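Only one structure is covered here, and it is reproduced in the block below.
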Amino acid sequence: MGALTRGEKGESLAEIGDMVMEGACAFSDDGHGVQSAGMMKTCMAYVSQFDRVVCAHCEVESLTKNGVINSGRAATRLGMFGWPPFGEELEIYRDIELSRSTGCALHICHISTEKGLELVKAAKAEGLPVTCEVTPHHLFLCDDDITDTYDTNLKMNPPLRKRSDMEALVQGILDGSIDCLVTDHAPHAKHEKDCEWEIAFFGTIGLETSLPLMLTNLVLPGKMSWSRLVEVMCVNPRRLLRCKPVTLAAGSQADLTLIDPAREIDVTEGYFQSKSKNSAFLGQHLTGVATDVLMAGKRTLADGVVA
Amino acid sequence: MLSVRHLIDTTSLTADDITQILDTAKSFDPIVNARTIKKVPALRGRTIVNLFLEPSTRTLKSFELAEKRLSADSISMGGATSSVVKGESLADTIQTIDAMNVDMFVVRARLAGTPQKITENTDAIVINGGDGKHQHPTQAMLDLYTIREHFGHLDGLKVAIVGDLAHSRVCGSLAPALKTMGADVTLVAPPTFQVGDPSWFGCNQTNHLDDVLEDMDVVYMLRVQLERMEGAAIPSRREYNRLYGLSLEREARMKPNAIICHPGPMNRGMEIDAEVADCARSRILNQVNAGVLTRMAEMYLLMGGED
């Protein structure tokens, strides 16, 4: 994925055409929204000449400055500056309108609010080339889970939202209005999280828990079909990134994940093979894991161990 | 015995805890305010560290005097002189001090949740001396003591907390503590200073001081934190004084027996006019006096009371 603007500063176009010719599959300044609407229009207009999508981290920084937790009860309860939902929604709305005006394909990264999802749904209903994604932590955690222990593994950007937002997002991934399940995997060293909330780094790791969480919470209870799971975790992301679909056929390259839906895990620091342990889901007991992975014909995970 | 091991917030305190603190403080009153030798041996041999990571004068001196009057051995260290400014993590700082075998930390911090984090790195007892915009429980106890001294009770009283609520740890502790004791609390502030979710405190919130003033038993004026006004939330000191300042004219409309409190330091001429600060209703110096008594009570009770 290439940067949308030079140095991800939101000030001037990156050499997008060069990057397309060298294989870049999408463009984003993820971590920041492009703050100037005029600059974003230029970016999307420019990208529209290529068959590529712009992935937007939506955040109006003048509204989220100093914000470290969802606005409202959580911010009041814990005494910190809020990161309001409309700080995200305003930019989603802006970028949808820019997609309409430029024709550029737009993908909303890590959507976190009910209202934001409504905006995406309305855009889709109009036939605009707009898609979106959600993370496991925004599907299965909310700001009520942040207690007065100030567990910094629950600090992320965008922040955990209200319970009603979480429920709307679950509905969205079930009914097809959310296209992709992504982790927004953000590994951090222990000292970057083992500190006061307001100065802790944003983000949680997600790679090793995303599948178990989806299986435990949605697929095994029968709320989501296996084929829908494959759609949101594999088929749709590949389509978005302009990657060839995986086929199971003689002579094709093996890109496969084998899943044991019955294997149970305790999410402890010891569970993770990642160097980083900053998981928002520590302490959970989950059912169903990937046991083996084949990438381009090579086994990279063998019976649950990274090869 | 209190129901809590540490004093981190007032939300965790029961009405019985608060009553114990106020009654114990009252028992210290003749010692501190009437005797020539203002000292008891209650905490002789106990070691207390006043860790003030944010500058403070009145809270620190109040704690230091309370410690001396209980015969504890105490040292005070500040953020500016400690290794904290050299980039040492909070955990390392605490573990280093803890290795010298101390019994109690009194903590003042710029960041919300710091005292809670400290409890995770020491076996010592922790008292929150104010953390960011979160809570300042020892301030709340001295306020309740002062109010109870005047009225003889707390239940049923009508209290307005007026001012910069959004940046106020004083409000964060005082409002819940008053509610626990059966008082009725109204929050008053311009919309740009209001808390995100007053229902968390179980309070009403208004921007009309003049509508509620005449109904109040206690008018608690907050300091406008000029140093914390990140983004100008009010246009000028003069306009704030006109709309929300406690003037002589407003003071004259208060109930006959109503009192005025302020946590200090005051901005005379801004949230409170000079003459009002010194008028007969003012309990501002009583609050300062009560600070030593209630802090003695808190340290004494947390260290095991009679033991």
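Summary of computed values
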read-out	value
Residue in segment B:254-264 that is out of contact with any Pro (no Cβ under 9 Å at 6 or more places or on another chain) and farther than 19 Å from B:HIS150 by Cβ present	no
Residue within segment A:260-276 that is more than 30 Å from A:LEU141 (Cβ to Cβ), out of contact with any Gly (no Cβ under 6 Å at 6 or more places or on another chain) and in a strand (DSSP E or B) present	no
B:GLN205 in a strand (DSSP E or B), of a type outside the set (Gly, Ala, Ser), in contact (Cβ under 8 Å) with a residue 12 or more places away in the chain and touching a strand residue (DSSP E or B) at 6+ places or on another chain (Cβ under 8 Å)	yes
Those helices (runs of 4 or more DSSP H) lying entirely in segment B:233-307 with at least 1 residues in contact with a Phe, Trp or Tyr (Cβ under 7 Å, 6 or more places away or on another chain), modelled with pLDDT of 95 or more and assigned by TED's automatic domain parsing to the domain that holds B:PHE105	B:284-302
Unmet requirement for A:GLY23, which otherwise passes all of (1) part of a loop (DSSP other than H, G, I, E, B); (2) touching a Ser or Thr at 6+ places or on another chain (Cβ under 7 Å)	(2)
Odd one out for B:ALA109 among (1) in contact with a helix residue (DSSP H, G or I) (Cβ under 9 Å, 6 or more places away or on another chain); (2) closer than 30 Å to B:ALA166 by Cβ; (3) hydrophobic (A, V, I, L, M, F, W, C); (4) more than 14 Å from chain A (Cβ to nearest Cβ)	(4)
Of all residues in segment B:115-129 being within 16 Å of B:LEU13 (Cα to Cα) and touching a helix residue (DSSP H, G or I) at 6+ places or on another chain (Cβ under 6 Å), the one that is farthest from the other protein chains (Cβ to nearest Cβ)	B:ILE125
Residue list for segment B:77-108, restricted to those being under 22 Å from the mean Cα position of the chain (by Cα) and at pLDDT below 95	B:MET77, B:GLY78, B:GLY79
In segment A:32-70, the residues that are touching a residue at least 40 places away in the same chain (Cβ under 8 Å), in contact with a His (Cβ under 8 Å, 6 or more places away or on another chain) and closer than 30 Å to B:LYS133 by Cβ	A:GLY33, A:HIS57, A:GLU59
Subset of segment A:187-217 (residues that are away from every other protein chain (no Cβ under 14 Å) and either under 18 Å from B:THR119 (Cα atoms) or of a type in the set (A, V, I, L, M, F, W, C) (or both))	A:PHE202, A:ILE205, A:LEU207, A:LEU211, A:LEU213, A:MET214, A:LEU215
Residue count, segment B:151-167 (criterion: at negative phi, among the small types (Gly, Ala, Ser) and more than 14 Å from chain A (Cβ to nearest Cβ))	1
Enumeration of residues in segment B:211-245 that are of a type outside the set (Ser, Thr, Tyr), within 24 Å of B:LYS179 (Cα to Cα) and surrounded by 13 or more Cβ atoms within 10 Å (Cβ to Cβ)	B:VAL212, B:LEU213, B:ASP215, B:MET216, B:ASP217, B:VAL218, B:VAL219, B:MET221, B:LEU222, B:ARG223, B:VAL224
Whichever residue in segment A:119-151 is touching a helix residue (DSSP H, G or I) at 6+ places or on another chain (Cβ under 7 Å) and part of a strand (DSSP E or B) and, among such residues, is surrounded by the fewest Cβ atoms within 10 Å (Cβ to Cβ)	A:THR131
Residue match in segment A:250-257 (condition: among the acidic types (Asp, Glu) and under 20 Å from the mean Cα position of the chain (by Cα))	no
Given (1) surrounded by fewer than 21 Cβ atoms within 10 Å (Cβ to Cβ); (2) within 14 Å of another protein chain (Cβ to nearest Cβ); (3) in contact with an Asp or Glu (Cβ under 9 Å, 6 or more places away or on another chain), index of the condition A:ILE69 fails	(1)
Positions within segment B:133-150 being more than 14 Å from every other protein chain (Cβ to nearest Cβ) and in contact with a Pro (Cβ under 8 Å, 6 or more places away or on another chain), in sequence order	B:ASP143
Among the residues listed as A:CYS109, A:CYS55, A:CYS43, the single one being more than 14 Å from chain B (Cβ to nearest Cβ) and within 30 Å of A:THR149 (Cα to Cα)	A:CYS109
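Results for (1) over 14 Å from the mean Cα position of the chain (by Cα); (2) on the phi < 0 side of the Ramachandran plot; (3) in a helix (DSSP H, G or I); (4) buried (at least 19 other Cβ atoms within 10 Å of the Cβ), shown as yes or no for each residue.
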site	(1), (2), (3), (4)
A:PHE201	yes, yes, no, no
A:PRO212	yes, yes, yes, yes
A:MET224	yes, yes, no, yes
A:SER227	yes, yes, yes, no
A:MET233	no, yes, yes, no
A:ARG239	yes, yes, yes, no
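The values are calculated or read from the model by the stated rules, or taken from the named source; none is laboratory data. Every value quoted in this text rests on a predicted model; they were computed, and no experiment measured them. All Cβ positions, even for glycine, are placed from backbone atoms using ideal geometry, and neighbour counts span all protein chains on display.
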